[in-house]
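I have a structure here, written as structure tokens, and I will follow up with some questions on it.
The values are calculated or read from the model by the stated rules, or taken from the named source; none is laboratory data. Every value quoted in this text rests on a predicted model; they were computed, and no experiment measured them. Every residue, glycine among them, receives a Cβ derived from its backbone with ideal geometry; neighbour counts consider all protein chains shown.
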Amino acid sequence: MISHTGRMHAFLIFAMGASAAVSALAAPSITLTRVTVEPAELPRGESFLLRAEAEGSGVEVKSFRVRTPYAVGEAELPPGFVRESGKAVFAGDQGAIFDNGRHDQDPADGAIAVKISTRNWSEGTHYLVLFAHNRPGTGSHILDHRNIRLDIGDEAVGVRVLAKHEGVAEGPLEFILPDTVAQPGEPLVCGAGIRDGVEGELSLRLRPPYTWCQPEVLSGFTYYDDEKVGYVEDGPDHTILDNGTLDRDPAEGSVRLELSTEGWPPGAHFLSLEAPGFSTVRAPYDKPGESYRDFAVHVPGPDDQFIVDVGPSKPFAPGTHFSAIVSLGEGRVLTDTHYSEDYGETWRRLGTAIPRPNVLSDGTVIAMSYRALPVEGQKGIYTGKLWLSEDGGSTVQGPLESKVTVPKARAALGHGPHVGPLFGRSIVELETGDLISAMYGWFDGDTQPDRYRSGGTMRRSYVGISHDRGRSWEYLSSVAYRPFLGNEGYSELVIRKLPNGDILALVRTGGNSNAGWQDNPLMISRSTDGGKTWSPVRRTGFEGVWPDLCVMQDGTLVCSTGRPGAFIMFSTDDGRTWTDATPIDAERYSGYTGICEVRPGELLMGYGARNWRDPETGERSHQLRLVRIKVRKR
């Protein structure tokens, strides 16, 4: 365990001051503390005064915005509004209302008041949405909002500010989802029923959230090679019919499926239950979308060795792709942007962000920029950016210029245009003090077409070496290029040093959200000579993107990955075999994760969840989330 108590104490004084630590997993936030309308009733055609106050935590409230949540016609535009993407937006200063700006009628700081006309509204119920946010600006969009309801009568208008979640529909269906663990052969029970007062004929679809290749098909599913999808079905269009041969609920408007898991392989299985004939409508937005629920089931296997206790996940920050998380020892945890001194219970924002941090044996935090940019006129020479911190993030050197020499590197098309080498998430320190960094990209002659994007070519994973603590790097060796696997080739590798001194690499070969190719295995390779040579890559038996690898204090390896969902798996033989694949989150996207051990047997994992569904409100949002996982031997 690394001990730098004195230096870390200085960090806390610098970063936290005298204030108490923020609440658990606190992320930048904006809260509308007061929203009122005056008067609540007024003659049709006259104006009401909308007042609002907002506070920011870790972020500045820069402006307010008022618009309709749906498109309106030109003739329906109220005075003072303009059309933007079909919606009516209060014109303000280019669509924004600034505190004490020219449209603000409240001279107090931190509060705005604007007049909203009710002319041109047709009779009936209409809605406006008030936003307080950190725009204009870059970075994650932080906001809070309230819905405002206008009931337009023949002569009078009623105006009311809705409560935070008021008016959000539950959805037309009540879903039944299975237990998260299914013993081999036990039935998987799931289904849905129509809520009281909702009309319609119910049928369901049960399928994987993305696609399958033939070996992935679970028993009980009918596979369609043209679609690369398996369904449980007894009706047209791959459906399960109400009171059909598979429905175990005799009631009308309710479908209950009991699917045998006999023959299902051990591990984490991600599925989606859809009701194609129904839409979830979220008033006042009136956005229709298929009613569905993603879920995951863990089937224990005979080789499983651990009891894995997954705690509740908590929000960390807005976003979809989690980057990295590292333990500095003694309860101190670091991400790109935040720091914790209590094992990740509470967090503070770093003064300077450190992209994808790694920690060296002396406690130095080191990170490299994702992209290295070409130096004009010098083939194979690139410039990267380096960050260093010797006090856990209190003070940061960087970005510093770092020379990157990869003679055969070339520009290519991946998920977008790339002009040179790409650095992965991990840096490994050798016994000599030299550093090895995970890298990937394309070399001269790497022209094998990929299956991901027209014009793209298969990626290569390799490592670079630095003899001067990251101030310069040079190509050392290739980890993987052939055989050509997945829809992308070899990318997003993570490397870690094992207790016996070997270096282990886990490598992505593609993503299952791409329908063009379904076999995208996570591959593994090892080096026994400090990264100079690597064993031929071989399959782990699992798929995933942006894998992270943590070497626990007892030598157990844990890998976090995902897509669909997010899950972890374990190895007790230095990565040769993997067991105990355990789902963490079922939402199908994004699978970008990070994991570290904060105490013996206690893991802290971050993951990105796109369209994560709040079980209390039913609302979906893009979130980075954290979850605590306790692991013990059976």
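Scan the range 393-428 residue by residue and report those that are out of contact with any helix residue (DSSP H, G or I) (no Cβ under 6 Å at 6 or more places or on another chain), outside any strand (DSSP E or B) and in contact (Cβ under 8 Å) with a residue 60 or more places away in the chain.
If the condition is that a residue be out of contact with any helix residue (DSSP H, G or I) (no Cβ under 6 Å at 6 or more places or on another chain), outside any strand (DSSP E or B) and in contact (Cβ under 8 Å) with a residue 60 or more places away in the chain, then Gly393, Thr395, Val406, Pro407, Lys408, Gly414 are the ones that fit.
Could you check the range 356-376 and list, in sequence order, the residues that are over 20 Å from Val494 (Cβ atoms), outside any loop (DSSP other than H, G, I, E, B) and not hydrophobic (A, V, I, L, M, F, W, C)? Full working, then the answer.
Kept after step one, since they are over 20 Å from Val494 (Cβ atoms), are these residues of the range 356-376: 362-363, 373-376.
Cutting the leftovers down to outside any loop (DSSP other than H, G, I, E, B) gives us 373-374.
Residue satisfying the conditions is Pro374 alone.
Which residues, counting only those in the range 547-571, are modelled with pLDDT of 95 or more and in a loop (DSSP other than H, G, I, E, B)?
Correct list: Pro547, Met552, Gln553, Asp554, Gly555, Thr556.
Which one is nearest to Gly562 (Cα to Cα) among residues in the range 471-493 that are among the aromatic types (Phe, Trp, Tyr) and in contact with a Gly (Cβ under 9 Å, 6 or more places away or on another chain)?
Tyr481
Return the total of residues in the range 545-575 being small (Gly, Ala, Ser) and over 16 Å from Leu603 (Cα atoms).
Within the range 545-575, residues that are small (Gly, Ala, Ser) and over 16 Å from Leu603 (Cα atoms) number 3.
Just name the residue that is nearest to Pro312 (Cα to Cα) out of those in the range 371-389 that are touching a residue at least 40 places away in the same chain (Cβ under 8 Å) and crowded, with 18+ Cβ neighbours inside 10 Å. If you could, list the steps in order and put the result at the bottom.
First, the residues of the range 371-389 that are touching a residue at least 40 places away in the same chain (Cβ under 8 Å): 371-374, 384, 386, 388.
Narrowing further to those that are crowded, with 18+ Cβ neighbours inside 10 Å: 372, 374, 384, 386, 388.
Working: Ala372: 38, Pro374: 45, Gly384: 38, Leu386: 35, Leu388: 33 Å.
The extreme case among them is Leu388.
Can I ask one more? Can you spot a residue in the range 595-611 that is free of Cβ contacts under 8 Å to residues at least 40 places away in the same chain and either farther than 18 Å from Ile495 by Cα or more than 17 Å from the chain's Cα centre (by Cα) (or both)?
Checked against the condition, which is being free of Cβ contacts under 8 Å to residues at least 40 places away in the same chain and either farther than 18 Å from Ile495 by Cα or more than 17 Å from the chain's Cα centre (by Cα) (or both), the range 595-611 yields at least one hit.
Going by the conditions given, is Asn100 without any contact (Cβ under 8 Å) to a residue 24 or more places away in the chain and either assigned to a loop (DSSP other than H, G, I, E, B) or closer than 19 Å to Ala88 by Cα (or both)?
On the way: without any contact (Cβ under 8 Å) to a residue 24 or more places away in the chain: yes; either assigned to a loop (DSSP other than H, G, I, E, B) or closer than 19 Å to Ala88 by Cα (or both): yes.
Answer is yes for this residue.
Take the residues in the range 467-525 that are of a type in the set (Asp, Glu) and under 25 Å from Thr211 (Cβ atoms), then tell me which one is farthest from the chain's Cα centre (by Cα).
By that ranking, first place goes to Asp519.
Determine, yes or no, whether Val66 is in contact with a strand residue (DSSP E or B) (Cβ under 6 Å, 6 or more places away or on another chain), in a loop (DSSP other than H, G, I, E, B) and at pLDDT 90 or above.
No; evaluated as a whole, the condition is false for this residue.
From the set of residues in the range 201-257 that are touching a Ser or Thr at 6+ places or on another chain (Cβ under 8 Å) and among the aromatic types (Phe, Trp, Tyr), which is nearest to Pro521 (Cα to Cα)?
Residue satisfying both the conditions and the ranking: Tyr210.
Just to be sure before I move on: is Lys379 under 18 Å from Trp473 (Cα atoms) and either outside any strand (DSSP E or B) or not assigned by TED's automatic domain parsing to the domain that holds Arg349 (or both) in the structure I sent?
Yes.
In addition: Would you point out the residue of the range 325-370, among those that are among the hydrophobic types (A, V, I, L, M, F, W, C) and within 17 Å of Gly384 (Cβ to Cβ), that is surrounded by the fewest Cβ atoms within 10 Å (Cβ to Cβ)?
The extreme case among them is Ala353.
Among the numbered criteria (1) modelled with pLDDT of 95 or more; (2) outside any strand (DSSP E or B); (3) in contact with a Phe, Trp or Tyr (Cβ under 8 Å, 6 or more places away or on another chain), which single criterion is violated by Gly575?
Unmet condition: (3).
From the list Arg539, Arg460, which one is basic (Lys, Arg), touching an Asp or Glu at 6+ places or on another chain (Cβ under 9 Å) and either crowded, with 19+ Cβ neighbours inside 10 Å or part of a strand (DSSP E or B) (or both)?
On the way: Arg539 fails: touching an Asp or Glu at 6+ places or on another chain (Cβ under 9 Å).
The match here is Arg460.
Somewhere in the range 134-155, is a residue crowded, with 20+ Cβ neighbours inside 10 Å, over 18 Å from Glu53 (Cβ atoms), β-branched (Val, Ile, Thr) and touching a residue at least 40 places away in the same chain (Cβ under 8 Å)?
No, the range 134-155 contains no residue that is crowded, with 20+ Cβ neighbours inside 10 Å, over 18 Å from Glu53 (Cβ atoms), β-branched (Val, Ile, Thr) and touching a residue at least 40 places away in the same chain (Cβ under 8 Å).
Condition check ((1) without any contact (Cβ under 8 Å) to a residue 12 or more places away in the chain; (2) among the hydrophobic types (A, V, I, L, M, F, W, C); (3) over 17 Å from Asp529 (Cβ atoms); (4) in contact with a Leu (Cβ under 9 Å, 6 or more places away or on another chain)) across all residues:
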{"position": "Leu430", "(1), (2), (3), (4)": "no, yes, no, no"}
{"position": "Asp446", "(1), (2), (3), (4)": "no, no, yes, no"}
{"position": "Arg469", "(1), (2), (3), (4)": "no, no, yes, yes"}
{"position": "Glu488", "(1), (2), (3), (4)": "no, no, yes, no"}
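Let me ask something else. Counting just the residues of the range 190-229 that are among the aromatic types (Phe, Trp, Tyr) and in a loop (DSSP other than H, G, I, E, B), which one comes out nearest to Thr261 (Cα to Cα)?
Per the criteria, the residue is Phe221.
Let me ask something additional. Taking Phe98 and the conditions (1) surrounded by fewer than 18 Cβ atoms within 10 Å (Cβ to Cβ); (2) farther than 17 Å from Arg135 by Cα, which numbered condition does it fall short on, given that it satisfies the others?
(2)
Has the range 29-47 got at least one residue that is at pLDDT below 90, buried (at least 17 other Cβ atoms within 10 Å of the Cβ) and assigned to a loop (DSSP other than H, G, I, E, B)?
Looking through the range 29-47, none of the residues is at pLDDT below 90, buried (at least 17 other Cβ atoms within 10 Å of the Cβ) and assigned to a loop (DSSP other than H, G, I, E, B).
Considering only the range 210-267, state which residues are of a type in the set (Gly, Ala, Ser) and either under 20 Å from Ile194 (Cβ atoms) or in contact (Cβ under 8 Å) with a residue 24 or more places away in the chain (or both).
Initial filter on the range 210-267 (of a type in the set (Gly, Ala, Ser)): 219-220, 230, 235, 244, 251, 253-254, 260, 263, 267.
Once the filter is applied, which keeps residues that are of a type in the set (Gly, Ala, Ser) and either under 20 Å from Ile194 (Cβ atoms) or in contact (Cβ under 8 Å) with a residue 24 or more places away in the chain (or both), the range 210-267 yields Ser219, Gly220, Gly235, Gly244, Ala251, Gly253, Ser254, Ser260, Gly263, Gly267.
Can I ask one more? With respect to Ala108, is the statement that it is assigned to a strand (DSSP E or B), among the small types (Gly, Ala, Ser) and at negative phi true?
Here the answer is no, as Ala108 does not meet what is asked.
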